[in-house]
1. So if I check each of Y239, Y211, which one is in contact with a helix residue (DSSP H, G or I) (Cβ under 7 Å, 6 or more places away or on another chain), under 30 Å from C167 (Cβ atoms) and not acidic (D, E)?
2. Just one of A221, A189 is hydrophobic (A, V, I, L, M, F, W, C) and either surrounded by fewer than 16 Cβ atoms within 10 Å (Cβ to Cβ) or closer than 30 Å to W110 by Cβ (or both); which is it?
3. Go through (1) surrounded by 11 or more Cβ atoms within 10 Å (Cβ to Cβ); (2) in contact (Cβ under 8 Å) with a residue 24 or more places away in the chain; (3) assigned by TED's automatic domain parsing to the domain that holds K228 one by one and return the number of the condition N63 breaks.
4. Please name all residue pairs, on different chains or six or more residues apart, with Cβ atoms under 8 Å, provided the first residue is in the range 126-146 and is at pLDDT below 95 and the second residue is assigned to a strand (DSSP E or B) and surrounded by fewer than 15 Cβ atoms within 10 Å (Cβ to Cβ).
5. Could you figure out which of (1) closer than 16 Å to G225 by Cβ; (2) aromatic (F, W, Y); (3) part of a loop (DSSP other than H, G, I, E, B) isn't true of Y150?
6. Can you say whether N231 is out of contact with any His (no Cβ under 9 Å at 6 or more places or on another chain) and surrounded by 21 or more Cβ atoms within 10 Å (Cβ to Cβ), as far as the supplied structure shows?
7. Just to be sure I understand the filter: pairs with C-beta atoms under 6 Å, separated by 6 or more residues or on different chains, first member in the range 174-189 and over 9 Å from F162 (Cα atoms), second member of a type in the set (D, E) and part of a helix (DSSP H, G or I). Which pairs pass?
8. So which of T205, T230 ends up being free of Cβ contacts under 8 Å to residues at least 24 places away in the same chain and out of contact with any helix residue (DSSP H, G or I) (no Cβ under 8 Å at 6 or more places or on another chain)?
Amino acid sequence: MKLNRLEILILVLISVIGIGTFVVSSTLAEQSGSSPDSGEDSILKETYDTLVGLGYGSEEGSNGAIWNRIISSSIWVPDGGVTEGDVKAGVSFYEGTRTLKTGSMKLIDWEKQSLLQRDNRDSTDYGETSSWVKTNTNPEVWYDEVTGLYWSAVQGSMTNEFNRTSCAFYSTIPRGDYNGGDVTNCGNAIEECATLSLDANGDGTANTNWYLPSQLELMQAYVNGIYKKTNTTWVGTSYHWSSTEYQNNSSYAWHTYLNFGNTNVSNETTSYSVRCVLRDL
């Protein structure tokens, strides 16, 4: 049957409308603008749903909910102010860019401490201690990679008579910022460290922000393996004064053995070894 021109035109229009309807129903979900109402689940819509489920991206903007969420997810960069030193060594993370970074913070495997069969004078390495690095050889200085403290050699044996309420050391934070000058109220041990000028990391520059460690810092050094992992001769076998006052009697202060961890109190007029520390440079 031969079709006239009008019939041919009608068939063409019907075909165009049919194809257009198929295209719109298949792709409308991928258009920008307000949310599509085609009801079709395109790959784009499925991506959007996945991002919603993960809580990624935002729908704020002028491109419609779907595109706004996809665009914002694609350009998002993690920015929490975290550095490699804030993340455990060997752990991967993203921060500031989409480039994978690796943490460098050293931690002790606390579970390994249960393996310790004798005190820290036992040379057996159970993996329970910190890593210690000798950062200067003359005079000898050691660095605890977990606490970030540099430890000096013994500076001498002296008394530790201080007035905690009058000595400016106790109101100075960080402690290393106290520069001495008040032996009357702060005593010999605190002043010795406050005025110490010593190269901590071997770069040839003398550091002056040394201070007398607290009881907890001395005890932590023992736990972290200062005797086992450094030089036993350098550590010695004597009590070390701390800057921590005995709560029951202000004339007494705490001191600690670094070779086997014992800590006790004595009258501040007693002479014990003084070793200074410096917080991570």
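The values are calculated or read from the model by the stated rules, or taken from the named source; none is laboratory data. The structure presented is a predicted model; accordingly, all values stated were derived computationally and were not measured. A quick note on method: Cβ atoms are made from the backbone with ideal geometry, for glycine too, and the neighbour counts reach across all protein chains shown.
1. Values: Y239 fails: in contact with a helix residue (DSSP H, G or I) (Cβ under 7 Å, 6 or more places away or on another chain).
None of the other options fit; the residue is Y211.
2. Numbers: A189 fails: either surrounded by fewer than 16 Cβ atoms within 10 Å (Cβ to Cβ) or closer than 30 Å to W110 by Cβ (or both).
After ruling out the rest, the residue left standing is A221.
3. Among (1) surrounded by 11 or more Cβ atoms within 10 Å (Cβ to Cβ); (2) in contact (Cβ under 8 Å) with a residue 24 or more places away in the chain; (3) assigned by TED's automatic domain parsing to the domain that holds K228, N63 violates only (3).
4. From residues that are at pLDDT below 95, the pairs are E145/V133.
5. (3)
6. Details: out of contact with any His (no Cβ under 9 Å at 6 or more places or on another chain): yes; surrounded by 21 or more Cβ atoms within 10 Å (Cβ to Cβ): no.
Against the criterion (out of contact with any His (no Cβ under 9 Å at 6 or more places or on another chain) and surrounded by 21 or more Cβ atoms within 10 Å (Cβ to Cβ)), N231 does not qualify.
7. Pairs found: G180/E191.
8. Working: T230 fails: free of Cβ contacts under 8 Å to residues at least 24 places away in the same chain.
Just a single option satisfies the conditions, and that option is T205.
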